[in-house]
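Enquirer: Once you've had a glance at the structure underneath, I'll fire off some questions.
The values are calculated or read from the model by the stated rules, or taken from the named source; none is laboratory data. Quick caveat, the model's predicted, so the values are computed rather than measured. Cβ: placed from backbone, ideal geometry, glycine included. Neighbour counts: every protein chain shown.
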Amino acid sequence: MPVGPAEFPSMRTWNILCHASALLGVFFHFPGHILGPLIVWLAKRHDSPEIDAHGKESLNFQISMLIYNAIAVVFCLVLIGFLVLPILWVLNAVFVIVASIQASDGKLYRYPVTIRFIE
(Lines give C-alpha, C1' and ligand atoms only; values in the text may rest on other atoms or scores of the structure.)
Protein backbone atom coordinates (compact mmCIF):
# COMPACT_ATOMS: atom_id res chain seq x y z
CA MET A 1 0.00 0.00 0.00
CA PRO A 2 1.61 3.30 -1.04
CA VAL A 3 2.20 5.85 1.65
CA GLY A 4 0.79 9.29 0.95
CA PRO A 5 2.31 12.57 2.20
CA ALA A 6 -0.31 12.84 4.96
CA GLU A 7 0.90 9.53 6.42
CA PHE A 8 4.55 10.54 6.81
CA PRO A 9 4.16 12.12 10.29
CA SER A 10 2.30 9.02 11.49
CA MET A 11 4.93 6.70 10.00
CA ARG A 12 7.73 8.71 11.58
CA THR A 13 5.96 8.49 14.96
CA TRP A 14 5.82 4.70 14.67
CA ASN A 15 9.51 4.65 13.70
CA ILE A 16 10.31 6.62 16.87
CA LEU A 17 8.14 4.30 18.98
CA CYS A 18 10.00 1.26 17.64
CA HIS A 19 13.05 2.58 19.47
CA ALA A 20 11.67 4.69 22.32
CA SER A 21 9.35 1.95 23.57
CA ALA A 22 12.46 0.12 24.79
CA LEU A 23 12.68 2.74 27.52
CA LEU A 24 9.79 0.91 29.19
CA GLY A 25 12.59 -1.28 30.51
CA VAL A 26 13.35 1.46 33.01
CA PHE A 27 10.06 0.60 34.72
CA PHE A 28 9.75 -3.10 33.83
CA HIS A 29 13.37 -4.18 33.54
CA PHE A 30 13.31 -7.51 31.74
CA PRO A 31 10.14 -7.54 29.74
CA GLY A 32 10.00 -3.80 29.02
CA HIS A 33 13.12 -3.58 26.90
CA ILE A 34 11.93 -6.34 24.59
CA LEU A 35 8.14 -6.15 24.79
CA GLY A 36 7.78 -2.48 23.83
CA PRO A 37 9.66 -2.73 20.51
CA LEU A 38 8.20 -6.19 19.84
CA ILE A 39 4.60 -5.03 20.22
CA VAL A 40 5.14 -1.93 18.06
CA TRP A 41 6.96 -3.93 15.39
CA LEU A 42 4.39 -6.74 15.28
CA ALA A 43 1.50 -4.28 15.11
CA LYS A 44 2.92 -2.00 12.38
CA ARG A 45 5.55 -3.94 10.40
CA HIS A 46 3.21 -4.55 7.46
CA ASP A 47 2.28 -0.87 7.16
CA SER A 48 5.65 0.25 5.82
CA PRO A 49 9.07 -1.23 4.99
CA GLU A 50 10.58 1.67 6.95
CA ILE A 51 8.68 0.79 10.14
CA ASP A 52 9.67 -2.85 9.60
CA ALA A 53 13.36 -1.89 9.35
CA HIS A 54 13.24 0.29 12.48
CA GLY A 55 11.44 -2.43 14.43
CA LYS A 56 13.93 -5.12 13.41
CA GLU A 57 16.88 -2.90 14.28
CA SER A 58 15.45 -2.06 17.70
CA LEU A 59 14.57 -5.68 18.49
CA ASN A 60 17.98 -6.95 17.40
CA PHE A 61 19.66 -4.42 19.68
CA GLN A 62 17.44 -5.23 22.66
CA ILE A 63 17.96 -8.97 22.23
CA SER A 64 21.72 -8.37 21.99
CA MET A 65 21.61 -6.25 25.15
CA LEU A 66 19.68 -9.02 26.93
CA ILE A 67 22.46 -11.46 26.06
CA TYR A 68 25.16 -9.02 27.18
CA ASN A 69 23.30 -8.44 30.46
CA ALA A 70 23.02 -12.20 31.04
CA ILE A 71 26.77 -12.58 30.51
CA ALA A 72 27.42 -9.68 32.90
CA VAL A 73 25.22 -11.34 35.54
CA VAL A 74 27.39 -14.46 35.28
CA PHE A 75 30.46 -12.25 35.70
CA CYS A 76 28.94 -10.88 38.91
CA LEU A 77 30.21 -14.11 40.47
CA VAL A 78 33.72 -12.71 40.05
CA LEU A 79 32.58 -9.16 40.86
CA ILE A 80 33.42 -7.58 37.49
CA GLY A 81 29.80 -7.95 36.39
CA PHE A 82 28.77 -5.38 38.99
CA LEU A 83 30.80 -2.82 37.06
CA VAL A 84 29.63 -3.95 33.63
CA LEU A 85 25.86 -4.03 34.31
CA PRO A 86 25.42 -0.29 35.02
CA ILE A 87 27.53 0.53 31.97
CA LEU A 88 25.31 -1.66 29.81
CA TRP A 89 22.17 -0.01 31.21
CA VAL A 90 23.47 3.48 30.51
CA LEU A 91 24.63 2.53 27.00
CA ASN A 92 21.25 0.97 26.29
CA ALA A 93 19.44 4.16 27.29
CA VAL A 94 21.84 6.41 25.37
CA PHE A 95 21.68 4.35 22.17
CA VAL A 96 17.87 4.14 22.36
CA ILE A 97 17.63 7.92 22.74
CA VAL A 98 20.05 8.48 19.84
CA ALA A 99 18.09 6.03 17.66
CA SER A 100 14.81 7.75 18.55
CA ILE A 101 16.22 11.14 17.59
CA GLN A 102 17.59 9.73 14.33
CA ALA A 103 14.17 8.18 13.59
CA SER A 104 12.51 11.55 14.20
CA ASP A 105 14.86 12.96 11.55
CA GLY A 106 13.80 10.22 9.12
CA LYS A 107 17.03 8.20 9.38
CA LEU A 108 17.58 4.57 10.28
CA TYR A 109 20.08 4.28 13.14
CA ARG A 110 22.26 1.19 13.12
CA TYR A 111 23.02 0.29 16.74
CA PRO A 112 26.61 -0.64 17.47
CA VAL A 113 27.49 -4.07 18.93
CA THR A 114 24.23 -5.55 17.65
CA ILE A 115 23.83 -9.17 16.69
CA ARG A 116 21.45 -9.35 13.72
CA PHE A 117 19.00 -12.09 14.70
CA ILE A 118 16.04 -10.78 12.70
CA GLU A 119 16.86 -10.01 9.08
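Enquirer: Looking at 115, 80, 87, 101, which one is within 14 Å of the chain's Cα centre (by Cα) and farther than 14 Å from residue 61 by Cα? Can you show your working first?
Expert: Values: 115 fails: farther than 14 Å from residue 61 by Cα; 80 fails: within 14 Å of the chain's Cα centre (by Cα); 87 fails: within 14 Å of the chain's Cα centre (by Cα).
Every option except 101 fails the conditions.
Enquirer: Which residue, of 84, 90, 113, is in a loop (DSSP other than H, G, I, E, B) and not acidic (Asp, Glu)?
Expert: Within the list 84, 90, 113, the selection yields 113.
Enquirer: With respect to residue 73, is the statement that it is of a type in the set (A, V, I, L, M, F, W, C), touching a residue at least 12 places away in the same chain (Cβ under 8 Å) and on the phi > 0 side of the Ramachandran plot true?
Expert: Spelling it out, it is not the case that residue 73 is of a type in the set (A, V, I, L, M, F, W, C), touching a residue at least 12 places away in the same chain (Cβ under 8 Å) and on the phi > 0 side of the Ramachandran plot.
Enquirer: Shifting gears a bit: Say we look at the range 109-119 and pick out the residues that are touching a residue at least 60 places away in the same chain (Cβ under 8 Å) and not hydroxyl-bearing (Ser, Thr, Tyr); which of these is surrounded by the most Cβ atoms within 10 Å (Cβ to Cβ)?
Expert: 118
Enquirer: Quick check on residue 60: is it under 30 Å from residue 13 (Cβ atoms), at pLDDT below 95 and either in a loop (DSSP other than H, G, I, E, B) or under 18 Å from the mean Cα position of the chain (by Cα) (or both)?
Expert: No; evaluated as a whole, the condition is false for this residue.
Enquirer: Which one is surrounded by the most Cβ atoms within 10 Å (Cβ to Cβ), of the residues in the range 43-63 that are in contact with a Phe, Trp or Tyr (Cβ under 9 Å, 6 or more places away or on another chain) and among the aliphatic types (A, V, I, L, M)?
Expert: The residue in question is 51.
Enquirer: On to the next question. I'm trying to understand the selection: among the residues of the range 33-54, which are in a helix (DSSP H, G or I) and either farther than 13 Å from residue 17 by Cα or out of contact with any Leu (no Cβ under 8 Å at 6 or more places or on another chain) (or both)? Let's see the steps before the verdict.
Expert: Residues of the range 33-54 that are in a helix (DSSP H, G or I), as a first pass: 33-44, 49-54.
Listed by number, the residues that qualify are 39, 42, 43, 44, 49, 51, 52.
Enquirer: Same structure, new question: List the residue pairs whose Cβ atoms are under 7 Å apart, where the first residue sits in the range 31-49 and is under 23 Å from residue 106 (Cβ atoms) and in contact (Cβ under 8 Å) with a residue 40 or more places away in the chain, the second is surrounded by fewer than 19 Cβ atoms within 10 Å (Cβ to Cβ) and hydrophobic (A, V, I, L, M, F, W, C), and the two are 6 or more positions apart or on different chains.
Expert: These pairs meet every condition: 48/3; 48/11.
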